[in-house]
């Protein structure tokens, strides 16, 4: 059986993805990657790379598919080719519990972190007067880096997708200040110039939507979020 090599990050971001002590990957995107592999008749293998290395790894042929929290953006479309969306999420702003920040107006003059080049950073650019702090993702845990920066006072807030921040808000010192209904679609990506391969992956996603498997995976891992398709 052929292998489907899926490029992704090795960091804890439930309910999207994480690894247990035995090294098995769990979560919505993990199960989706396996389901795509099954549709294609391939065994899924996860190729772990730092966030900043995703696109270089894909373009070097280190993986067949990049599937790891990639909102569809004009910038990313220049780097690789997106599949049809497999998810749609809003974005949220995380702060320390008790912070006076409750709205975008409260971010004026505040240091706001987000992953460099992401849709989250694009949202930060719409917040008038905030001081944007990009995180380049060169470490193994960019989310953990932003949480640490918030806790030690290096930033006042950070932006990520709501699905990733809801579990973090269960920690006693963290809170979601507010959510922005941006409805960002997420897609997987293939190396540019691989039109036939892109069509195969798109067809697999269509099948998962039509047979209800994508909805089943979504509702298993994210029962509180409305299925978007």
Taking Cα atoms only, helix 142-151 is inclined relative to the longest principal axis of the chain by an angle, in degrees rounded to 10, of 10 degrees
Estimated 222 nm signal from helices in the chain, with DSSP H stretches of n ≥ 4 weighted -39500 (n - 2.57), rounded to 500: -8500 deg cm²/dmol
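Of 173, 196, 81, 90, how do they rank once you tally other Cβ atoms within 10 Å and put the fewest first? Can you show the working numbers first?
Values: 173 10, 196 7, 81 18, 90 14.
Ascending Cβ contact count within 10 Å gives the list 196, 173, 90, 81.
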Mind running the shape call on region 1-43? Use the C-alpha gyration tensor, a ≥ b ≥ c as the square roots of the eigenvalues: rounded below 1.5 for a/c, prolate if a/b tops b/c, oblate otherwise. prolate
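Over the Cα atoms of region 89-183, compute the convex hull volume and normalise it per residue, giving Å³. Kindly include the intermediate steps, with their values, before the conclusion.
Details: hull volume 8.3 nm³, N = 95.
Once divided by residue count, the hull of region 89-183 is 88 Å³.
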Taking alpha-carbon centroids only, region 107-147 lies from region 167-229 a number of Å equal to 22 Å
Taking N as the number of residues in region 1-92, what is its alpha-carbon radius of gyration divided by 2.2 N^0.38 Å? 1.06
Here P(r) for the chain, Cα-Cα distances in 10 Å bins, as whole percents, is 8, 33, 36, 18, 5, 0
List 143, 222 from most exposed to least, where exposure is judged by having the fewest other Cβ atoms within 10 Å. 222, 143
Three principal axis extents, largest first, for the C-alpha atoms of region 73-117, in Å? 41, 21, 16
Sorted largest first, extent of region 159-229 alpha carbons per principal axis (Å): 48, 28, 20
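Taken together, the values in this text are just the output of simple stated rules run on the coordinates, not laboratory data. Predicted model, so just to flag it, every value in this text is computed and none were measured. Please note: Cβ atoms are built from the backbone with ideal geometry, for glycine as well, and neighbour counts cover all protein chains shown.
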